[in-house]
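A.B. asks: Quick one: the structure is below, questions incoming.
The values are calculated or read from the model by the stated rules, or taken from the named source; none is laboratory data. Just so we're clear, the structure is a prediction, and the values are computed from it rather than from any experiment. Because the Cβ atoms are built from the backbone with ideal geometry, glycine has one as well, and the counts that use them run over all protein chains shown.
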Amino acid sequence: MKKLLIATTLCLFSASSAMAFTYTEGSGDSGELIPSATIIDFTNVTSSPTDPSLTSIIGNMTSDNADLFGIFLTAGQLFTATTIVTTAPPVAYDSQLFLFDAQGFGIVANDNLLNATTLSSISFTATTTGIYYLGISGFNYDPRDTAGNFIFADTRTGPISPNSGAGALGSWANNTGTTSTAFSYNIALTGASPAPEPAMGGGLLAFAGLGVASAFRKKRQVNS
Ligand SMILES: [Ca+2]
Ligand SMILES: [Ca+2]
Ligand SMILES: [Ca+2]
């Protein structure tokens, strides 16, 4: 009996190790601009502490809205994000994905993965190690810069590069005068991890984090 219990525990442990980290939006709603984005760090993810990769973001999209998530990328490593359907029976939804750098400048976007599907996929080899912002919205709610110009061309398929001269993320608006639909989403990720420190770049929380870090530094100095 005892042996069986140990075997089961080991089995559960190794199964959760393979899962890496998942972030679930839950009943809250992530903001759509950098000051209100959710920074995914090691305090708000679930599952294994042994595999540091962030492999999925699960959330809800309301009409004419976007969710923005701070994620951690490593220079030279290929990052991919793909919206997938996990419901049974499968119900396709019309997502769009956008990647921004730490200052909110557009990097790459995609509306439809292929002509045959309305799901989305982006890939990018990180140029610096640190926070990037991943945005998701329903077609055709698109990001605009601080001057009110759309950051990306309104193209349906293929990777979309930012328009030349586009500024940093300032607002979102529907690009075609329609209303985007609501859906539940699941974004599968590779090459990403939660941020190493709580709430990097998150306004008040970042300030609080710096306070904690400096408190630790002070404590270390006292102890040494
Ligand atoms: Ca949401
Ligand atoms: Ca789409
Ligand atoms: Ca669009």
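A.B. asks: Condition first: at pLDDT below 95 and either in a helix (DSSP H, G or I) or touching a helix residue (DSSP H, G or I) at 6+ places or on another chain (Cβ under 8 Å) (or both). Now tell me which residues in the range 166-201 satisfy that.
C.D. replies: Residues satisfying the conditions are E197, P198, A199, M200, G201.
A.B. asks: Checking the condition of a type in the set (S, T, Y) and not in a strand (DSSP E or B), which residue from S63, S56 passes?
C.D. replies: Residue meeting the stated conditions: S63.
Condition check ((1) within 16 Å of ligand 2 (Cβ to nearest atom); (2) touching a Phe, Trp or Tyr at 6+ places or on another chain (Cβ under 8 Å)) across all residues:
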{"site": "G26", "(1), (2)": "no, no"}
{"site": "E32", "(1), (2)": "no, yes"}
{"site": "N44", "(1), (2)": "no, yes"}
{"site": "T50", "(1), (2)": "no, no"}
{"site": "I57", "(1), (2)": "no, yes"}
{"site": "S63", "(1), (2)": "yes, no"}
{"site": "A75", "(1), (2)": "no, no"}
{"site": "V85", "(1), (2)": "yes, yes"}
{"site": "A88", "(1), (2)": "no, no"}
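A.B. asks: Where the second residue is assigned to a helix (DSSP H, G or I) and the first is modelled with pLDDT of 95 or more and lies in the range 20-42, which pairs have Cβ atoms under 7 Å and are six or more apart or on separate chains?
C.D. replies: Matching pairs, first to second residue: P35/G203.
A.B. asks: In the range 141-158, is there at least one residue being surrounded by fewer than 15 Cβ atoms within 10 Å (Cβ to Cβ), hydrophobic (A, V, I, L, M, F, W, C) and at pLDDT 95 or above?
C.D. replies: Within the range 141-158 (the criterion being surrounded by fewer than 15 Cβ atoms within 10 Å (Cβ to Cβ), hydrophobic (A, V, I, L, M, F, W, C) and at pLDDT 95 or above), the answer is yes, since at least one residue qualifies.
A.B. asks: If the requirement is being under 21 Å from T190 (Cβ atoms) and within 14 Å of ligand 3 (Cβ to nearest atom), which of these qualifies: L97, L78, L134, L73?
C.D. replies: Just a single option satisfies the conditions, and that option is L97.
A.B. asks: When the range 166-195 is examined, which residues are found to be among the hydrophobic types (A, V, I, L, M, F, W, C) and surrounded by fewer than 16 Cβ atoms within 10 Å (Cβ to Cβ)?
C.D. replies: Within the range 166-195, A173, A182, A188 qualify.
A.B. asks: Could you tell me which residue of the range 101-121 is nearest to ligand 3 (Cβ to nearest atom), considering only residues that are within 23 Å of D64 (Cβ to Cβ) and part of a loop (DSSP other than H, G, I, E, B)?
C.D. replies: The qualifying residue nearest to ligand 3 (Cβ to nearest atom) is D111.
A.B. asks: Can you tell me which residue among F124, F69, F98 is over 22 Å from S171 (Cα atoms) and either of a type in the set (K, R) or in a strand (DSSP E or B) (or both)?
C.D. replies: Answer to the selection: F124.
Residues checked against (1) within 18 Å of the chain's Cα centre (by Cα); (2) of a type outside the set (F, W, Y); (3) within 21 Å of P35 (Cα to Cα); (4) within 16 Å of ligand 1 (Cβ to nearest atom):
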site: G148; (1), (2), (3), (4): no, yes, yes, no
site: I151; (1), (2), (3), (4): no, yes, yes, no
site: T157; (1), (2), (3), (4): no, yes, no, no
site: W172; (1), (2), (3), (4): yes, no, yes, yes
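A.B. asks: Going by what's in this entry, would L134 be described as within 16 Å of ligand 1 (Cβ to nearest atom), closer than 13 Å to L169 by Cα and in contact (Cβ under 8 Å) with a residue 12 or more places away in the chain?
C.D. replies: Yes: the conditions hold for L134.
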